[in-house]
Amino acid sequence: MEVIKIEGIKKIYTLGTQKVNALDGVDISISRNEYVAIMGPSGSGKSTLMNILGCLDTPTEGSYFLNGTDVSNMDDNMLSDIRNREIGFIFQSFNLLPRYNAMENVALPLIYSGIPRQERERRAIEALNNVGLGERMEHKPSELSGGQRQRVAIARALINRPSIILADEPTGNLDTKTSIDIMMLFEQIYKEGNTVIIVTHEEDIAKYARRIIRLRDGKIESDSTNNDRTVFN
């Protein structure tokens, strides 16, 4: 079953008198429980594609079906609702609120979903235990390491049980050992039946995915199964 289907996607930005084709006729289908890496050099269009896939932006042309719903022309409120229900975001900079502890940060998306407080806390505790942070729930981001902060961000991304996990350079601020730990966690998330999409410029990180889509100059350069993927023992 297709979770994502985009057809003829174009995104044109106007800079003064110049028009820039950030995406130029992109077609992609991603099925449920795929593990995909989107790669490309700076200026290739991968960040623009991530923003469209994540319903943070809309295309200039083309269609985008998310779980069978056409989201191409939705307004900001409708996109916000879709994002909260369907997509779990994980960012390079973690995007945690400094005044909130780990449990409060993880529970935040549930507030927007109207979940009662007791249920929010129960699910946040469960999510933090699932990423190995059961002992750090009361700690604020400043009291956590980079890897622990990213685990909090992953728990928050999973809290609404979204159909897609979308990660933007998720190991960009982490050392090598911590990066491997985080990629092991993504492997676990994938094996539990989630659709995982990682946007990265790092070949070592892309090798964990089952499929690699490469962009260049706003077009798909290649889209293939990753037969050389890194496997955890």
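A few notes on this one:
- On inspection, residue 230 does not qualify as crowded, with 21+ Cβ neighbours inside 10 Å, in contact with an Asp or Glu (Cβ under 8 Å, 6 or more places away or on another chain) and modelled with pLDDT under 90.
- In segment 123-169, residue nearest to the chain's Cα centre (by Cα) [restricted to those that are open to solvent by 20 Å² or more (accessible area, probe 1.4 Å) and among the aliphatic types (A, V, I, L, M)]: 158
- Extreme residue, nearest to the chain's Cα centre (by Cα), among residues of segment 58-109 that are outside any loop (DSSP other than H, G, I, E, B) and of a type in the set (Phe, Trp, Tyr): 89
- Residue match in segment 198-212 (condition: in contact with a Ser or Thr (Cβ under 6 Å, 6 or more places away or on another chain), open to solvent by 60 Å² or more (accessible area, probe 1.4 Å) and of a type outside the set (Ser, Thr, Tyr)): yes
- Of the strands (runs of 3 or more DSSP E) lying entirely inside segment 127-233, the ones with 3 or more residues being out of contact with any Leu (no Cβ under 9 Å at 6 or more places or on another chain) are found at 211-216, 219-225.
- Only listed residue being modelled with pLDDT of 90 or more, open to solvent by 10 Å² or more (accessible area, probe 1.4 Å) and under 20 Å from the mean Cα position of the chain (by Cα), chosen from 47, 29, 42: 29
The values are calculated or read from the model by the stated rules, or taken from the named source; none is laboratory data. Because the structure is a prediction, the values reported are computed rather than measured. Quick reminder, even Gly has a Cβ in these numbers, built from the backbone with ideal geometry, and neighbours come from all protein chains shown. Each accessible area value is taken on the protein alone, full model and side chains, heavy atoms only, with ligands, DNA and RNA left out. Shrake-Rupley method; radii C 1.70, N 1.55, O 1.52, S 1.80 Å.
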